[in-house]
Amino acid sequence: MDSPQLEQFKQTLLAMQSELATLAETAQRAGRPVQLDQTSVGRLSRMEAIQAQQIAQDAQRRRHLLIDAIDGALRRIESGDFGYCFVCDEEIDARRLHADPTITRCIQCAGK
């Protein structure tokens, strides 16, 4: 893979990383603990708030996994391993990388 392509992938990954960091900050406020005081909130409202909190926490976990994948892709760019399959060490198709630059397996190995 040539240098301009790698730089493009790096910029894409950095933009994804920045966007996820912003989302994580916003979501952290939404995932704060639910008050258990029944006098201030009805039972159904409290249950809805707890459910919304759980959804926010699940989304936060998924964001952290994606941030880890982005960090890994950036490290692979720096080390020269970006774009190569972890399993067979063959080059991953550029179209696949454009769809998801955090991909670590070629289409053949991903299907196994």
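Observations on the model:
- Restricting attention to the stretch 76-99, the residues being closer than 18 Å to S3 by Cα and among the hydrophobic types (A, V, I, L, M, F, W, C) number 5.
To keep it simple, each residue is scored yes or no on (1) at pLDDT below 95; (2) β-branched (V, I, T); (3) surrounded by 14 or more Cβ atoms within 10 Å (Cβ to Cβ); (4) outside any loop (DSSP other than H, G, I, E, B).
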position: A59; (1), (2), (3), (4): yes, no, yes, yes
position: R62; (1), (2), (3), (4): yes, no, no, yes
position: I70; (1), (2), (3), (4): no, yes, yes, yes
position: F82; (1), (2), (3), (4): no, no, yes, no
position: P101; (1), (2), (3), (4): no, no, yes, no
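- Residues being touching a residue at least 24 places away in the same chain (Cβ under 8 Å) and under 23 Å from L20 (Cα atoms) - total across the stretch 77-102: 6
- Long-range neighbours under 7 Å by Cβ, at least six apart or interchain, first residue closer than 19 Å to Q17 by Cα within the stretch 49-66, second not in a helix (DSSP H, G or I): A56/G31; Q57/G31; Q60/G31
The values are calculated or read from the model by the stated rules, or taken from the named source; none is laboratory data. Since this is a predicted model, take the numbers as computed values, not measurements. Ideal geometry is used to build each Cβ from the backbone, glycine not excepted, and the neighbour counts take in all protein chains shown.
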